[in-house]
Amino acid sequence: MSILRNKHVLIAALIAPVLALIAYFAIDHMFGETPHVAVEGQSYPLAEEPGCRWESGRCGLKNNDFELDLEFERLAGDRLRLDLESVFPLDGVMLAVAMSETDEKPPVAMKAAGADGLRWSLEIRLPQPETDRIRLVASTGGTVYYGDVSAKFTLAGETAD
């Protein structure tokens, strides 16, 4: 007798994936973390998205529905213009390029590129993509968001010599 002709095995093979999906979503619902509304006066970390860790040309930072996107434009000499775009209007953005974990360079204020507070820009020296980190702090409505990302995304579009 073939195992595929056994009706109990056939029914179990059809029901098991359905039960697994039900269990997955039930456990997430019962024990999963629920997002909280940002509280004024608190500070929240931003997670570095994967595009920051390779030569993508873009870098994203995210915490729930708060998102920041960094892009760059190469300028003459060893200069670079970083452009930041936010999904929420920002009150201000401070940015520093750190050469190591212990480097404590003072941050520089980014300049608003429009009156709406959604776009910001800053000209900096060209970072060392393999070692430098870009640290930033953004504030909106009394809430502060901070992040630390790799500068490797600035390698995009660079020609090999």
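The values are calculated or read from the model by the stated rules, or taken from the named source; none is laboratory data. A quick note: this is a predicted structure, and the numbers were derived from the prediction, not measured. Neighbour counts run over all protein chains shown; Cβ positions are idealised from the backbone, glycine included. Keep in mind that these areas ignore ligands, DNA and RNA; they rest on the heavy atoms of the full protein, side chains included. Shrake-Rupley method; radii C 1.70, N 1.55, O 1.52, S 1.80 Å.
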Handout entry: segment 34-62, residues that are polar (S, T, N, Q) and either open to solvent by 90 Å² or more (accessible area, probe 1.4 Å) or at pLDDT 90 or above (or both)
Key = 42, 43
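Going by the structure shown, is residue 12 exposed (fewer than 11 other Cβ atoms within 10 Å of the Cβ) and over 16 Å from residue 137 (Cα atoms)?
On the way: exposed (fewer than 11 other Cβ atoms within 10 Å of the Cβ): no; over 16 Å from residue 137 (Cα atoms): yes.
No, not satisfied.
Does residue 143 count as in contact (Cβ under 8 Å) with a residue 24 or more places away in the chain, open to solvent by less than 20 Å² (accessible area, probe 1.4 Å) and polar (S, T, N, Q)? Spell out the reasoning first.
Details: in contact (Cβ under 8 Å) with a residue 24 or more places away in the chain: yes; open to solvent by less than 20 Å² (accessible area, probe 1.4 Å): yes; polar (S, T, N, Q): yes.
Yes.
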Problem - In segment 89-127, residue farthest from the chain's Cα centre (by Cα) [restricted to those that are of a type in the set (S, T, N, Q) and modelled with pLDDT under 90] - result: 102
Exercise for the section: Could you tell me which numbered condition residue 65 fails, if it satisfies all but one of (1) over 16 Å from the mean Cα position of the chain (by Cα); (2) at pLDDT below 90; (3) under 24 Å from residue 38 (Cβ atoms)? Expected result: (1)
Completion exercise
Scanning segment 84-115 residue by residue, the ones that are open to solvent by 80 Å² or more (accessible area, probe 1.4 Å), part of a loop (DSSP other than H, G, I, E, B) and among the acidic types (Asp, Glu) total 3
Handout entry: Qualifying positions in segment 125-139 - open to solvent by 20 Å² or more (accessible area, probe 1.4 Å) and assigned to a strand (DSSP E or B)
Key = 125, 133, 135, 137, 139
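Out of the residues in segment 136-161 meeting the condition of being touching a Leu at 6+ places or on another chain (Cβ under 7 Å) and closer than 15 Å to residue 124 by Cβ, tell me which one is modelled with the highest pLDDT.
Step one: of segment 136-161, the residues touching a Leu at 6+ places or on another chain (Cβ under 7 Å) are 136, 138-140, 145-147, 149, 154.
Pick out the ones that are also closer than 15 Å to residue 124 by Cβ and you get 136, 149, 154.
Numbers: 136: 94, 149: 91, 154: 87.
Within segment 136-161, the match that is modelled with the highest pLDDT is 136.
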